[in-house]
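Derivation of every value follows stated rules applied to the coordinates shown; laboratory data play no part. Computed from a predicted model, the values in this text were never measured in an experiment. Note: ideal-geometry Cβ built from the backbone for every residue, glycine included; neighbour counts use all protein chains shown.
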């Protein structure tokens with residue numbers, strides 16, 4: 001079954017972001033707030049990092065998540081599971097979970113995605129074995145986020161995972177660090193690391209046996225129908241031979 005190639009997924013053919021209405025919010029003095037440009041290049045006040053206001057500006061993220069799940073379901077060879085009981089896929093489960101949606105590829109060599117929606121409103125995505133990604137990363141007034149910019153990050157993260165640009169690995173010795181990397185060649189890269197002793201021991205133990213060779217999760221496979229119609233869905237798609245499970249890639253070869 002063909003895998004999706006990077007030229008076809010960059011534009012996320014078949015996906016359409018729900019419209020995000022331009023809401024107008026005001027500060028305590030009644031001045032309009034332009035989230036995303038509120039501080040206009042000036043350092044935010046110190047107390048703004050402990051202040052959280054107008055949280056409804058993030059409400060459209062739930063609709064964006066729903067559209068992404070629908071795109072994944074219609075495009076890739078996956079199974080969808082939805083229930084709040086799936087939320088413990090996360091390493092740290094929020095106490096305001098609304099629901100959780102697990103997108104499970106049928107190919108075990110690719111990373112599963114779990115979307116956990118919260119009342120914040122926002123969401124956390126669990127990708128692969130041992131990493132959670134929060135949207136927004138922080139909702140405080142100092143960080144000055146808005147729904148459109150957070151949706152950009154959310155879509156990029158999902159796109160990069162399904163493209164095969166996501167890696168996780170535990171350092172070979174002494175095995176004290178868990179590292180991840182999201183890479184879009186010739187565009188951008190995001191990475192981080194966490195001490196393994198900060199994570200649940202049973203999750204780390206399981207990951208040591210389930211993480212892919214050299215840490216690289218492979219691109220998701222298209223649905224059979226999407227593959228047969230790829231000339232319409234994904235212009236210019238070239239289908240390479242299937243990469244055998246167990247193929248070893250060089251360190252961080254994304």
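This ranking places 80, 86 by how few other beta-carbon atoms lie within 10 Å of each, fewest first, which gives 80, 86.
Inter-label distance, residue 51 to residue 132: 2.8 nm, where each label sits 7 Å from its Cα along the C-beta direction. Listed by Cβ neighbour count within 10 Å, with the fewest neighbours leading, 190, 131 appear as 190, 131. With label points built 7 Å along Cα→Cβ from the Cα atoms of residue 189 and residue 104, find their separation and express it in nm. The answer from the label model is 3.4 nm. Taking label points 7 Å from Cα along the Cα-to-Cβ direction, residue 59 and residue 96 give a separation of 1.4 nm.
With a Förster radius of 35 Å applied to the beta-carbon distance between residue 28 and residue 152, the computed FRET efficiency rounds to 0.75. From least to most packed, judged by other beta carbons within 10 angstrom and beginning with the fewest, 123, 189, 12 follow the order 189, 12, 123. Projection of the Cα convex hull of segment 1-152, averaged over all directions and equal to a quarter of that hull's surface, yields 10.8 nm².
The average projected area of segment 88-234, computed from the convex hull of its Cα atoms over all directions, is 10.7 nm². Measuring from a point 7 Å past the Cα of residue 210 along Cα-to-C-beta, which residues in segment 150-176 have an amide N at less than 17 Å? Only 167-170 fall inside the zone, counting backbone N under 17 Å. Once the C-beta distance of residue 40 and residue 199 is scaled by a Förster radius of 51 Å, the resulting FRET efficiency is 0.80 to the nearest 0.05.
Distance from the Cα centroid of segment 196-222 to that of segment 86-159 is 17 Å (rounded to whole angstrom). The convex hull built on the alpha-carbon positions of segment 15-64 has an orientation-averaged projected area of 4.7 nm².
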